[in-house]
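S.K.: Questions regarding the structure given below will be posed in turn.
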Amino acid sequence: MTDIVDAESLSPKRAQAHALPGATHQTSVYVYEAPVRLWHWINAAAILVLALTGFFIGRPLPTMPGEASANFLMGYIRFTHFTAGYILAIGFLFRFYWSFVGNFHAKQLFRLPLNDPEWRKEVLFELRWYLFLEKRPKKYVGHNPLAQVAMFIFMTLGLTFMIVTGFALYAEGSQRGSWQDMLFGWVIPLVGQSYDVHTLHRLGMWFILTFIIIHIYVAIREDIMSRQSIVSTMISGDRTFKDDDPD
Ligand code: HEM
């Protein structure tokens, strides 16, 4: 019989970074709530669409056949980019809200326990594990500490940067007095000129794509090498463990 454990019943520290004592291959912990999983996959799809369309906004196709007035390709590409941009931004705001009302793990993306020395030690342990310098991985209920740091830097800070620079560029089109201009109109003057914000927004894409390549590699690698479920947890929400060792 599978032993179902409520993540809320674990002490915060344990839920955050440590395995359950006695977690066996029959233990199942509900970690990622439905809104977190839904956001994860919608966010992934939005980033894919934004990167593809953004690439062509910055490097448009050299030419289109036929009469110019019959073509609206760049219009469609930009429209798709902006739609995905709105989905990304609204999703991110919702995800931030969920970090207040969701379970302990929902908070991990927005709060790093930097003042916890044990957690800091485990960041280094995980780094060694990923570099093949540790023989045996630890079991984690939520994100492992290194994954948490990476998510914070690349997703929390990275997406905030993309949303702020994206809406600053959008404000140029929606013009003075629009809400985009009122909220983000300060960005271009602060940076200097529109072209520089374009360049930073584009650099931000490569920053995020670098993370996504590492993220997919690590998720598949850990699914195989770690002592717990990884990919299926972001589908079902449940963390399961592969062995019966307590430590
Ligand atoms: C992960 C998220 C995003 C990625 C990867 C991304 C990617 C890109 C790229 C590569 C460009 C071309 C930059 C250049 O070389 O000039 C671009 C342009 C642009 N993006 Fe994004 N973007 C993202 C989010 C957003 C968001 C949230 C918005 C807000 C609506 C947005 C609005 C814009 C605008 C207005 C432009 C300029 C369009 C133009 O000049 O025709 N982007 N984006």
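S.K.: Taking segment 116-125 as the region of interest, how many residues are in a helix (DSSP H, G or I) and in contact (Cβ under 8 Å) with a residue 60 or more places away in the chain?
M.R.: Total satisfying the criteria: 3.
S.K.: Shifting gears a bit: Look through Gly91, Gly75, Gly66 and report the one residue that is part of a helix (DSSP H, G or I) and more than 23 Å from the chain's Cα centre (by Cα).
M.R.: Only one candidate passes the filter, namely Gly75.
S.K.: Sticking with this one: Take the conditions within 9 Å of the ligand (Cβ to nearest atom) and either hydrophobic (A, V, I, L, M, F, W, C) or in a helix (DSSP H, G or I) (or both) and apply them to Thr210. Does it pass?
M.R.: no
S.K.: Could you tell me how many of the residues in segment 166-200 are near the ligand (Cβ under 9 Å from one of its atoms) and either of a type in the set (Lys, Arg) or in contact (Cβ under 8 Å) with a residue 60 or more places away in the chain (or both)?
M.R.: Total meeting the criteria: 4.
S.K.: Something else: If I filter segment 95-115 for residues that are polar (S, T, N, Q), part of a helix (DSSP H, G or I) and surrounded by fewer than 20 Cβ atoms within 10 Å (Cβ to Cβ), do I get at least one hit? Can you show your working first?
M.R.: The initial filter retains those residues of segment 95-115 that are polar (S, T, N, Q), namely 99, 103, 108, 115.
Filter once more, so that each one left must be part of a helix (DSSP H, G or I): 99.
Filter once more, so that each one left must be surrounded by fewer than 20 Cβ atoms within 10 Å (Cβ to Cβ): 99.
Checking segment 95-115: at least one residue is polar (S, T, N, Q), part of a helix (DSSP H, G or I) and surrounded by fewer than 20 Cβ atoms within 10 Å (Cβ to Cβ).
S.K.: Can you tell me which residue is surrounded by the fewest Cβ atoms within 10 Å (Cβ to Cβ) among those in segment 50-76 that are within 8 Å of the ligand (Cβ to nearest atom) and closer than 17 Å to Thr199 by Cβ?
M.R.: Looking at the filtered set, the residue picked out is Arg59.
Each value in this text was obtained by applying a stated rule to the coordinates, not by laboratory testing. Please read all numbers here as calculations on a predicted model, not as lab measurements. Positions of Cβ are generated from backbone atoms using ideal geometry, with glycine treated the same way; all protein chains shown enter the neighbour counts.
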